[in-house]
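Quick note: the coordinates plus some simple rules give every number you see, no bench work behind them. Since we're looking at a predicted model, the values are computed, not measured. Cβ atoms come from the backbone with ideal geometry, glycine included; neighbour counts cover every protein chain shown.
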Amino acid sequence: MSEQRNAPEVRIEPWAEGDLDLLHLLNTPEMTLHFGGPETEEKVLSRHKRYCEITGKGTGRMFKILLLPQLEPVGSVGYWDTIWQEESVYEIGWCVLTAYQGRGIATEATAKAIAYINSEKKRSFIHAFPKINNPASNAICRKLGFSFIGEYDFEYPKGCFIRINDWMLPVSEK
């Protein structure tokens, strides 16, 4: 799905109990710059529980991103049910450790997550909501064929309003 040449080989695997250490690595000031800053340990544990349980609830999927061939955990990607503009859609999001950014890993992993969505066909649209000042995530949306819908105010985390770009991709009919 990516147009990038020599893209890294990645695998995505369902988030599991043993992935808490990766979540801690993703919870640094640098990694959470666009998400309101690091979470408390209580919130990290709550997030980990949600990630482990989401597939079983049928409301989305969370994955760890593994860089091949070493199967090194380098980030996360996932999608979940949400209501946007009074419509049930999937929201998709990704996060790659700083040392691995800029290599196309997030693009490749997100393309793989989109393939899962397309196989499920539960929703008609996928939306991504990167902050307007996050050029890397906005570029991923363009590379993967999302259509730019517009800028909006968005509450994330709860109680904090940010300015985001709304990107939309129809779920494939294939």
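Here are a few things to note about the model shown:
- Three-way shape call for the range 78-174 based on the alpha-carbon gyration tensor, with the a/c threshold at 1.5: oblate
- Lys/Arg +1, Asp/Glu -1 at C-beta; the range 10-170 dipole; positive extreme among V10, S76, L26: V10
- GNM remark for the chain: springs join alpha carbons under 10 Å apart, and the peak mean-square fluctuation among E86, E151, E13 falls on E86.
- The overall shape of the range 10-170 is rounded: from the C-alpha gyration tensor, with semi-axes ordered a ≥ b ≥ c, the ratio a/c is less than 1.5.
- Farthest toward positive dipole pole in the range 83-125 [+1 Lys/Arg, -1 Asp/Glu at C-beta], among N118, Y100, Y90: Y100
- Legend: helices of the chain (whole DSSP H runs) are marked when their alpha-carbon atoms reach 20 angstrom or more along the helix axis and their mean Kyte-Doolittle hydropathy is at least -1.0; marked are 105-120.
- Only Lys, Arg (+1) and Asp, Glu (-1) charged, at Cβ; the chain dipole about Cα centre in debye: 360
- Theoretical gain in end-to-end length, I83 to F148 [0.36 nm per residue, Cα-Cα removed]: 21.6 nm
- Prolate/oblate/rounded label for the range 86-137 (Cα gyration tensor, a/c 1.5): oblate
- Mean residue ellipticity (222 nm) of the chain, computed from DSSP H runs ≥ 4 via -39,500 (n - 2.57), nearest 500: -8500 deg cm²/dmol
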